[in-house]
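Have a look at the structure below, then the notes.
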Amino acid sequence: ATRTDEQTTFFNSVSRLGDNTFIFAVAALLAIWTWGRCRYLAVALLLAALFRPLLEFILKAMIDRQRPDIEPLGEFRGPSHPSGHPLAAASLWGLLPAVVALHMRSRAVWWAAVATSCTVVVAVATARVYKGAHYLTDVTASLSWAALYLATVQGFFDRYHGTKNCRHPQHEVQAGAG
């Protein structure tokens, strides 16, 4: 398939939504925005962003799959699996709906956050295949790893989260009912 300059520019931009620099910066901004309402969610955002590279490096060391060499658009180092950009994107964007739910009462806005998160994560995965950095199976498996990772983050969050230090609108309703 032929790649156009416009497609390459687009996918290069989309791929940046999974770069560590971008992920760490946005996680920090979301954590700051969230801190006053729910410290546990703010900490979960930061920990999800900071510990994700460790998971990625461990998996890359264990699996050690060669990268594709089909006309790559750039120099890519390290093993191909798992694909770090989709894993990073999912670790941040997968928590966006929780942040939105904390700050907005609109179900439509929450659904928009879910749709945006899914779109960004899939777009980042697609960009990595387009650029020739990964096989489709690498990015698909990375999304599965990301789902497990987010489920683990959610488990820790559920274990330590309490209504006492969280000003989520749902907790306000629960407190008023009791």
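Quick check, is T137 open to solvent by 60 Å² or more (accessible area, probe 1.4 Å) and more than 15 Å from A48 (Cβ to Cβ)?
On the way: open to solvent by 60 Å² or more (accessible area, probe 1.4 Å): yes; more than 15 Å from A48 (Cβ to Cβ): yes.
Yes: the conditions hold for T137.
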ask   = Residues in region 99-117 that are closer than 13 Å to T34 by Cβ, assigned to a helix (DSSP H, G or I) and hydrophobic (A, V, I, L, M, F, W, C): how many?
value = 4
key: Criterion (closer than 18 Å to T116 by Cα and not polar (S, T, N, Q)) met by exactly one of F57, F51, F22   = F22
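The values are calculated or read from the model by the stated rules, or taken from the named source; none is laboratory data. Just so it is clear, the model here is predicted, and its values are computed rather than measured. We place every Cβ from the backbone using ideal geometry, glycine too, and count neighbours over all the protein chains shown. We work out accessible area using only protein heavy atoms, side chains counted, and drop any ligands, DNA or RNA first. Shrake-Rupley method; radii C 1.70, N 1.55, O 1.52, S 1.80 Å.
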